[in-house]
1. State all residues of the range 48-65 that are open to solvent by 60 Å² or more (accessible area, probe 1.4 Å) and aliphatic (A, V, I, L, M); if no residue qualifies, say none.
2. Inspect the range 6-18 for any residue being modelled with pLDDT under 85 and either under 27 Å from residue 174 (Cα atoms) or assigned to a helix (DSSP H, G or I) (or both) and give the result as yes or no.
3. Which of the helices (runs of 4 or more DSSP H) contained wholly in the range 66-173 include at least 1 residues that are modelled with pLDDT under 85, open to solvent by less than 100 Å² (accessible area, probe 1.4 Å) and of a type outside the set (A, V, I, L, M)?
Amino acid sequence: MPIFQIRHAENPGIAFSSSALPLPSGSCYPETMAEQRETPSDLIRTLLEKEMFLLNNQRDLALMNHRYLDRLGGRYLLLDELHAQITALLAVQNPGNTAALREAERTSQRARETAEQIASERAGPVPRETEYSDTIQQRFQDLLRELHPALASDELERERRTERFEVAREVYLSGNL
């Protein structure tokens, strides 16, 4: 039974029925739900693949962020400091101008905040650029399978697995496998 029917505006004798249209792939129509059922082991494998994808992207992002700060962070700090100096000079040249004084204070505060942010980012661990072999990634994925909190049978086991999973995650992200 068609869900809808469309009649051609100029020629009402021509009609399109939804039953003649193919269902989109991945749809949630009852006809395709049975085809999409996955076994628990398939779901676990998919979950672990997504975890590895996420970990790899987080490691790449940390490395990119570190490179960005190395190359551009100091330049942004210099620009903020120069801007603060210019606005301070303008405030000195115009002592009665409260807007210039407020702008000088604001830009000086921004330069301090930029310096603090760069210092705190650089104080963290330096990510290593690593390319893990397929064997190492497979072994790490096996470890994730053993530690993943979603596979715990009770709450105590879930807490234990969560702690160990986070430690393994941090080791992987640091590049110290």
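The values are calculated or read from the model by the stated rules, or taken from the named source; none is laboratory data. From a predicted model like this one, the values you see are computed outputs, not experimental measurements. These area figures cover heavy atoms from the full protein model, side chains too; ligands, DNA and RNA do not enter into them. Shrake-Rupley method; radii C 1.70, N 1.55, O 1.52, S 1.80 Å.
1. Selection gives 54, 61, 64.
2. Here is the first cut: in the range 6-18, the residues modelled with pLDDT under 85 are 6-18.
When the remaining residues are screened for being either under 27 Å from residue 174 (Cα atoms) or assigned to a helix (DSSP H, G or I) (or both), the result is 18.
Scanning the range 6-18 turns up at least one residue that is modelled with pLDDT under 85 and either under 27 Å from residue 174 (Cα atoms) or assigned to a helix (DSSP H, G or I) (or both).
3. Working: elements: 74-93, 98-123, 134-147.
So the answer is 98-123, 134-147.
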